[in-house]
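The structure appears right after this line, and notes come after that.
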Amino acid sequence: MTQSNRLSFHETDEADSPIATYVFSEHGSKGSQGRVDVMTPLISSWSTKPLVATLSDIFLPSGFPQSTGSPSLKATGDVQLYSSIIRRYQIFDSLQAFCSSIAGLLSSRAVLQGVGVGNADASPTSALLLHILQDSSGRVATILFAHRVGTALEPECKTYRLAADIFNDIAMILDCLSPMVPAGVMRVSILSTAGVLRALCGVAGGSSKASLSAHFSRWGNLAELNAKDSSQETVISLLGMLVGSVVVSHITGFKTTWAALLILLAAHLSLNYAAVRSVQMTSLNRQRANIVFSALLSKETLGHIHDSPEDNAQWTFPTPAQVAQQERIFPRDGALEWSAPQRQYLGTAEIGVSLSAFFNASRASSFQTPIPMIRLHEVFAEEQYILFLFPRSNGGPAKTTWHASILLRKGCSVRAQLKAWMHALLAARVLSEGDTENVLQVIEQTLGFLNVGARCERYLAALATEGWVLDIGALETRSGRRIAAE
């Protein structure tokens, strides 16, 4: 076997710590298939490194300590319009907090009834043990939830801001249901579930709100913005407690309590939804990238991807305000959607995947793969990423969808990640309309289209002039991997 038909990929995490080395050996004459051998660093059975790595992954930010620092906060656009957006968000946010405060008093009363307040037979010890169980389950849920979705909280801050209040409202409903459940395992389970949901609300709400505050901060005044926001919440909570004390004293019946609770929770979620919808994010996460790139590439099909770059005046530039009107609060996770002129689901995409996920392989130390890695390495030799698409059958008469896996090289920039997502979206669109057998050929053609006349770079430069911030990485919602080939 010669040196030309073997390729090594060294995989690291975002902090440049080695994960494994994958050696691809070509079998076919055209590189259509080959064998992959996996070599992992030798670790003593007595070593504490795996435990330390696991604990670091759970308790520290992805890529720590390189990922922490003082990023510059940028925002563009008309100051008056930007201020009106902030005011609209704060009004809705204050009103929803007001409704939540009153509803919280109703649920707190129900919890007190559930643990035996007013019941001479109730034991203080049982009430204390129930509180300890609720608190413990909530703390464990906090750790697991932060570990599972911590990386996605900033890119999808609008989603998790609304999800936090949904968790909180469900917890209130469970609290109010608890007195109607017989004492014992069922009541303990309901109250513990409410405690878990309230803990999830704390993680999702606090983290996503911090990300929104960073978005609103324009003069490096993030600390002051958070302090003043806390002052607003204090005033709203005081007003809510005053009004709530009147509501609680006058609403005591079963039906009236539930009617008031459901009305308050409906108002709470509606106002929160309006608050989140009013926010115009300027970073490109997966959903916003789909919308923006679809508008830019709406005229591009397989028939003319070799055309020379058109004049900038012919391009369509959706602004953050226009995209905010189109984006969903709860989008499909990792979806590739073509949004112009109407939504078309093309498949899914993952960016910054590990090599084992790219090869769709188990933990085996050696396996076969049909992916032409040597040819892909040649095609993407000048790029900071490697892309390949796999067909996904829906098991019905519907059209075949595609799954795009994107490997990122060491030092991959945010703009290179945006280019990789744009490439995956365009390739999936072309494959959905044309020949599904020549995947590699389509990948090459679409890459050539994005590179001719530095078309992709011109696209991104034009988007920056429309108010989009392209230096914030918002495409990776999981801890990513990086590779280096030789």
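The values are calculated or read from the model by the stated rules, or taken from the named source; none is laboratory data. Every value quoted in this text rests on a predicted model; they were computed, and no experiment measured them. Cβ: placed from backbone, ideal geometry, glycine included. Neighbour counts: every protein chain shown. With ligands, DNA and RNA removed, areas are computed over all heavy atoms of the protein, side chains included. Shrake-Rupley method; radii C 1.70, N 1.55, O 1.52, S 1.80 Å.
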Original post:
Tell me, what is the per residue accessible area of region 169-232 in Å², probe radius 1.4 Å?
Top reply: 45 Å²
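With N set to the residue count of region 340-486, report its C-alpha Rg divided by 2.2 N^0.38 Å to two decimal places. Write down the numbers at each step before the final one.
Details: Rg = 15.7 Å, N = 147, 2.2 N^0.38 = 14.7 Å.
Output field value: 1.07.
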Original post:
On the accessible surface of region 364-469, probed at 1.4 Å, how many percent belong to carbon and sulfur atoms?
Top reply: 51 percent
Original post:
At a 1.4 Å probe radius, carbon and sulfur cover how many percent of the accessible area of region 157-257?
Top reply: 73 percent
Subject >> Highest average packing first - 321-330, 273-282, Cβ atoms within 10 Å >> reply: 273-282, 321-330
**OP:** Take the alpha-carbon centre of region 341-413, take the same for region 418-486, and report the distance between them in whole Å.
**Re:** 13 Å
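Of the listed pairs Lys228/Lys419; Lys228/Lys255; Lys209/Lys255; Lys158/Lys419, which have alpha-carbon separations greater than 32 Å here? Kindly include the intermediate steps, with their values, before the conclusion.
On the way: Lys228/Lys419 39 Å; Lys228/Lys255 39 Å; Lys209/Lys255 35 Å; Lys158/Lys419 24 Å.
Violating the 32 Å limit, Cα to Cα: Lys228/Lys419; Lys228/Lys255; Lys209/Lys255.
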**OP:** Could you provide, to the nearest whole Å², the per residue accessible area of region 345-416 with probe 1.4 Å?
**Re:** 47 Å²
Original post:
For region 180-271, treating each Cα as an identical point scatterer without solvent, what Debye log10 I(q)/I(0) comes out at q = 0.24 1/Å?
Top reply: -1.26
